[in-house]
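Accompanying notes for the structure given below.
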Amino acid sequence: HENPELVWSDESREKLCATVQKMMTFHYKDQLKNIDVDWRLPSDFNVRYSDMAGELVVGGVFIKHFIRQPSWSVRKPREFMSALFETVMEHKSGGETAETVAAALVALLTSQPILAEQVPSLGHLPKLIQFMANNPAGCGRLSLQILVSITSNDSCVKCLANTTDSVKHIMTAMKRGHEAVAVGAEVCHKAFTKNVPSLVAQALQVDLVGYLLSLLEDDFHTPASAKAQVVIALKAMQMDVMSGDKVQAKLANSAVWASYKDQKHDLFLEDTKTAGYLTGPVGAAGYLTAGPANIVPDTPPPLNSSVNEGRRKRIDL
C-alpha cells in the first residue's frame, strides 16, 4: 500500500512487528524485576525500513509520491507547505533535492490554490525573494517557478509589492539564465495584471520596462510565448493609476513597442496547433504568428459524375 503519506509493504510490517516484539520482551524482563515499572516509548524511537531508504520525506510526506499524486489531500496542508518552503531555502546551492522539493511545492499550490492566501501571513514571500537574490542562478529559476504558482493570488501580489527590491530581484533572476526568462515573464504577466501601484513604482525604479522591451527585441533567446506574456504585462503597467503615464512615456520612445501596442489582450495564447503565438494576420509587423493553417472546408466534396449519373438513372426507373 502506497500513498504520499504512507508507504507500507510486507517487509515494513515484518520489521515493525519484530521491533515491537523486542520492546515487549525487554519490558517483560523489567516487570519480572519490578512489577510497578512504567513503560514509555523512547524519545529517540525510530524504525529504519530498508525499503524506504533514500526516500525524500518533508513534513511527513513522501515527496516523489506526492509529485505523482498532487491532488492527494494531505492531513496538514499548511504545515506541509511551510516545510516545503523551508526545505527549498535550506538548499542554498540548488541541486536535485531543491528541484524536487520546489516541484512538490508548485504542485501543492497549483492543486490547492487557496493555500496561497496563507503565504503572506506566514512570512515565506520575503524570505523567498532573499533566497532568489543571494544564491546561484538555479535558485533564482526555482524561486520564479514558485512565484508563478502564487502570483494569481491578490494577497501574495500585494505582499510582493511591499517586499523591498522584489521586482529588482525578479529581473536579476531573469537575466541570469535563458531558462528563467519564460518563467519570469509569466510572473510579470500575473503580477502586473493585479493592478498594484506600488509594484509598478518598483518596476520604474529598476527600469523593468526597458528590460522587458529588450526581450521583445530578442528573437533568439525570448520564446514567442514569453513575448506574449511581456506584452500583456506592459499593457497592464501603462494602465496603472499612479505611474501609468511614466510607463507610457517609456513605451512611446520604443520602436519595438510600436509594433506591439495595437495588439489586444484577448489575442494571447490559443489552444490550437499554433499555441505559443499571438494571433494576427500572417506577416503583420509586430505579431508573433505561425504560418497559415490548412483550411478544411465545412461542406463535403461533390460526388463524381459517374455516381451522379447512376443516381439519376435509379430515380428515372
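The values are calculated or read from the model by the stated rules, or taken from the named source; none is laboratory data. Keep in mind that what you see is a predicted model, and the values were worked out from it rather than measured. Note: ideal-geometry Cβ built from the backbone for every residue, glycine included; neighbour counts use all protein chains shown. For the accessible areas, the whole protein counts, side chains as well, though only heavy atoms, and no ligand, DNA or RNA atoms are used. Shrake-Rupley method; radii C 1.70, N 1.55, O 1.52, S 1.80 Å.
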**Asked** Taking the stated definitions as given, is N162 at pLDDT below 95, closer than 26 Å to A83 by Cβ and of a type in the set (S, T, N, Q)?
**Response** no
**Asked** On the given criteria, is T193 surrounded by fewer than 17 Cβ atoms within 10 Å (Cβ to Cβ) and not small (G, A, S)?
**Response** no
**Message:** Residue under question is V230, and the condition is that it be under 26 Å from L122 (Cβ atoms) and crowded, with 18+ Cβ neighbours inside 10 Å; does it hold?
**Reply:** no
**Complete:** Note: among F80, F26, F45, just one is of a type in the set (F, W, Y) and either touching a residue at least 24 places away in the same chain (Cβ under 8 Å) or surrounded by 17 or more Cβ atoms within 10 Å (Cβ to Cβ) (or both), namely F80
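Of the residues that make up the stretch 83-90, is at least one crowded, with 18+ Cβ neighbours inside 10 Å, closer than 19 Å to V157 by Cα, in contact (Cβ under 8 Å) with a residue 24 or more places away in the chain and more than 12 Å from the chain's Cα centre (by Cα)? Give the steps one after another, and end with the answer.
Initial filter on the stretch 83-90 (crowded, with 18+ Cβ neighbours inside 10 Å): 83-85, 87-89.
If we keep only those that are closer than 19 Å to V157 by Cα too, we end up with 85.
Next cut, in contact (Cβ under 8 Å) with a residue 24 or more places away in the chain only: 85.
Of the ones still in play, those that are also more than 12 Å from the chain's Cα centre (by Cα) are 85.
So far as the stretch 83-90 goes, yes, one or more of its residues are crowded, with 18+ Cβ neighbours inside 10 Å, closer than 19 Å to V157 by Cα, in contact (Cβ under 8 Å) with a residue 24 or more places away in the chain and more than 12 Å from the chain's Cα centre (by Cα).
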**Request:** Looking only at the stretch 247-255, decide whether some residue is modelled with pLDDT of 95 or more, in a helix (DSSP H, G or I) and open to solvent by less than 10 Å² (accessible area, probe 1.4 Å).
**Result:** yes
**Message:** So in the stretch 233-246, with the set limited to residues that are assigned to a loop (DSSP other than H, G, I, E, B) and open to solvent by less than 80 Å² (accessible area, probe 1.4 Å), which one is farthest from G210 (Cα to Cα)?
**Reply:** D240
**Request:** Output the number of residues of the stretch 123-156 satisfying the condition of being outside any helix (DSSP H, G or I), in contact with a Lys or Arg (Cβ under 8 Å, 6 or more places away or on another chain) and crowded, with 17+ Cβ neighbours inside 10 Å.
**Result:** 2
**Selection within the stretch 1-35 - under 24 Å from G59 (Cα atoms) and not in a helix (DSSP H, G or I)** = H1, E2, N3, P4, E5, L6, V7, W8, S9
**Of all residues making up the stretch 196-245, the number that are under 20 Å from the mean Cα position of the chain (by Cα) and within 21 Å of H169 (Cβ to Cβ)** = 5
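Looking at the stretch 210-250, which of its residues are out of contact with any His (no Cβ under 6 Å at 6 or more places or on another chain) and small (G, A, S)?
Selection gives G210, S214, A224, S225, A226, A228, A236, S243, G244, A249.
Within the stretch 175-232, which residues are among the charged types (D, E, K, R), farther than 21 Å from G244 by Cα and assigned to a helix (DSSP H, G or I)? Quick ask: steps written out before the conclusion?
Step one: filter the stretch 175-232 for residues among the charged types (D, E, K, R), giving 175-176, 179, 186, 190, 194, 207, 217-219, 227.
After this cut, where a residue has to be farther than 21 Å from G244 by Cα as well, the list is 175-176, 179, 217-219.
Residues satisfying the conditions are K175, E179, E217.
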**Request:** Would you check if P120 is touching a Cys at 6+ places or on another chain (Cβ under 7 Å) and open to solvent by 20 Å² or more (accessible area, probe 1.4 Å)?
**Result:** yes
**Complete:** Taking the stretch 54-74 and keeping residues over 13 Å from T110 (Cα atoms), in a helix (DSSP H, G or I) and either in contact with a Cys (Cβ under 6 Å, 6 or more places away or on another chain) or of a type in the set (V, I, T) (or both) leaves I63
